[in-house]
Amino acid sequence: MTDAILSGPPAGLVHARRRPQSRSGTGTWAGIAMLVAAIVSVPLLAVFANLFASSDGVWAHLVETVLPRYVANSLWLAAGVGCGTLVIGTATAWLVTMYRFPGRRVFEWALLLPLAAPGYVMAYAYADFLQFVGPLQTALRDGTGWSRGDYWFPEIRSLGGAIFVLTLAAYPYVYLLARAAFLGQSVCVLEVSRTLGCGQWQMFRRVALPLARPAIVAGVALALMETLAEFGTVQHFGIDTFTTGIYRTWFALGTPVAAAQLSALLVAFVALLVVVERWSRGQARFHHTTSRWRSLPERRLGTAGGLLAATACALPILLGFAVPGGVLLHMAIEGGDPLLGRQFLGFARNSLLLGGMAALLVVAVAVLLAYAARLAPGRLVRTAVGVATLGYAMPGAVVAVGVLIAFGAFDTAVDAWARRTLGVSTGLLFSGTAGALLIAYLVRFLAVAFNAAEASLAKVTPHIDQAARVLGQGPRGTLWRVHLPMLRGGLLTAALLVFVDVMKELPATLIVRPFDFDTLAIRAYRLASDERLAESSTASLAIVLAGILPVMLLSRAIGRARPGA
């Protein structure tokens, strides 16, 4: 298709089939972008609509009792995870990019493996491994003859334990963006710093690190967003944060208004985080002044240095993937889910069905949005795109509360009209359905697919669009017959990423799912909540295995990110 377009139209068909692109066509795509933004913004508007509503004293009770603890724990959690991910992600990215040492090629992709395991799955594994009756403490007592009270051992079910687990789960966000930034830096700048007398440490601190700062800050911001949105880990460790408070307020206290007010406060925290990330960039812009690219200078480390570098890269992989993966595998072999069989396959089927449907929906909407931004790159469309992709910064619990409030209000209005007009009750039409859950996934993960679609479209030159118009194709025909075949690889990657994110998503699924509709994530959460950790290992391990392939694809994409690679 591309070769035919580039070779020009057949003789005699140019004037017969040419159709000029009208402003109405561009306006249609701008309208699509605004419609998507309106749909995606409904949950957020539903949350803030209840900000000043009456909660019958529940909000005042929360402020007097638990809200200070929610705020303090969330801030300490964010601070600890932010510092940990910054150090681990940046250091390992610099090592595998600029140095040669044993195992570096393996570490390049293996450092992303913790992305395959959700934070709550790591929490379940470490809770079993490090508890008093777990294998580590049992071996310690058997080897020393100690008993309870004879020794001190760190408590994993604590704020420090949550910081430890979530740091291991989230550092790949910083590693991913930092390594991409280091790979894209100019060799000339690094060489000039060496001629000015900078050693390896000074070159990193004074040149490479400032140039990569926007990417590193963005990675830390992503890690903090995931930390503030985390539910399973803090719930299992007994840490009171905003996400656990929202769930308890909705289901235990039965007060949607107070849950929405907590959600609005959490969104304000996340919005502040986004503002700080944008402010940190300032007006600084970094551009390459040459189109010539050379391979980055890689320094070969000696025996001692190579051993230290390999150890520094191996520890995050060992603690963030190998240990929890090994614990889950051992528990699954020794015990595992007692419902392993037809009922467990039902959980897997529900997860696969939701993941597949959500991937198709989210990628389709992302393509429409990205194409609208390409055809009508005005301020209105840019604003609509920004609003539509805001959902990734919203925790799953907040999205779930907004979806339930919005659909609940719609169902109530329809039921009231049916009673008044037809004399019948329609009940709940959309609340608690798979459709509502898919809308929640759309709001939550649209940004993931949009970024991939936009990046893929950016590689298609405008000459392709012009050639398609010469052949008589309008915007819709150009998208369907020209762009989509060319974007197939990028869109498949986006669909796979959304699929895995949906498989791992816990709070939105837990709150919005239909009655008696359990997924692998829900199954693992419910068993772990009952302290049946060995039985939860089967579902947890299945989720981890589903996330490994996207990690491999991400690693491959990063390695090819440097022009000329």
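The values are calculated or read from the model by the stated rules, or taken from the named source; none is laboratory data. Bear in mind that the values here come from a model prediction, so they are computed numbers and not experimental data. We place every Cβ from the backbone using ideal geometry, glycine too, and count neighbours over all the protein chains shown. Side chains are part of the model used for accessible areas, which takes the heavy atoms of the whole protein and leaves out ligands, DNA and RNA. Shrake-Rupley method; radii C 1.70, N 1.55, O 1.52, S 1.80 Å.
For region 401-479, the helices (runs of 4 or more DSSP H) that sit wholly inside it and include 3 or more residues that are closer than 28 Å to Leu506 by Cβ, open to solvent by less than 20 Å² (accessible area, probe 1.4 Å) and among the aliphatic types (A, V, I, L, M) are 434-458. Being over 30 Å from Trp29 (Cα atoms), in a helix (DSSP H, G or I), open to solvent by 30 Å² or more (accessible area, probe 1.4 Å) and in contact with a helix residue (DSSP H, G or I) (Cβ under 7 Å, 6 or more places away or on another chain) is not true of Leu340. Tell me the residue from Ser529, Ser536 that is surrounded by 20 or more Cβ atoms within 10 Å (Cβ to Cβ) and in contact with a helix residue (DSSP H, G or I) (Cβ under 8 Å, 6 or more places away or on another chain), please. Of Ser529, Ser536, the one residue that is surrounded by 20 or more Cβ atoms within 10 Å (Cβ to Cβ) and in contact with a helix residue (DSSP H, G or I) (Cβ under 8 Å, 6 or more places away or on another chain) is Ser536. Within region 325-336, residues that are in contact (Cβ under 8 Å) with a residue 24 or more places away in the chain have Cβ atoms under 8 Å from residues that are acidic (Asp, Glu) and assigned to a helix (DSSP H, G or I) in these pairs: Val327/Asp128; Met331/Asp128; Gly335/Glu535; Gly336/Glu535, counting only partners at least 6 apart in sequence or on another chain. Please work out which residue is farthest from Ile246 (Cα to Cα), limiting yourself to region 480-507 and to residues that are of a type in the set (Val, Ile, Thr) and modelled with pLDDT under 80. So, considering only residues that are of a type in the set (Val, Ile, Thr) and modelled with pLDDT under 80, the one farthest from Ile246 (Cα to Cα) is Val482. Looking only at residues of region 539-565 that are touching a Phe, Trp or Tyr at 6+ places or on another chain (Cβ under 7 Å) and modelled with pLDDT of 80 or more, we find that the one that is farthest from Leu130 (Cα to Cα) is Ala539. In region 112-119 there is at least one residue that is outside any helix (DSSP H, G or I), hydrophobic (A, V, I, L, M, F, W, C) and either touching a Lys or Arg at 6+ places or on another chain (Cβ under 9 Å) or modelled with pLDDT under 85 (or both). If we keep just the residues of region 24-51 that are of a type in the set (Ser, Thr, Tyr) and open to solvent by less than 50 Å² (accessible area, probe 1.4 Å), which is nearest to Arg476 (Cα to Cα)? Ranking the candidates gives Thr26 first.
Of all the residues in region 507-539, those that are aromatic (Phe, Trp, Tyr) and not in a helix (DSSP H, G or I) number 2. In the set Thr167, Thr138, only one residue is over 24 Å from Ile239 (Cβ atoms), open to solvent by less than 60 Å² (accessible area, probe 1.4 Å) and in a helix (DSSP H, G or I); that residue is Thr138. Scanning region 298-311 for residues that are buried (at least 16 other Cβ atoms within 10 Å of the Cβ) and either small (Gly, Ala, Ser) or at pLDDT 95 or above (or both) yields a count of 3.
Scanning region 52-64 for residues that are in a loop (DSSP other than H, G, I, E, B) and open to solvent by 60 Å² or more (accessible area, probe 1.4 Å) yields Phe52, Ser54, Asp56.
Against the conditions (1) open to solvent by 20 Å² or more (accessible area, probe 1.4 Å); (2) assigned to a helix (DSSP H, G or I); (3) within 19 Å of Ala314 (Cα to Cα), Phe129 satisfies every one except (3).
Take the residues in region 353-382 that are without any contact (Cβ under 8 Å) to a residue 24 or more places away in the chain and in a helix (DSSP H, G or I); name whichever of them is most open to solvent (accessible area, probe 1.4 Å).
Out of the qualifying residues, it is Arg379.
The helices (runs of 4 or more DSSP H) falling completely within region 192-265 that include 1 or more residues that are modelled with pLDDT of 85 or more map to 209-229, 232-237, 242-251. Is there a residue being at positive phi and at pLDDT 85 or above anywhere in region 165-183? No, region 165-183 contains no residue that is at positive phi and at pLDDT 85 or above.
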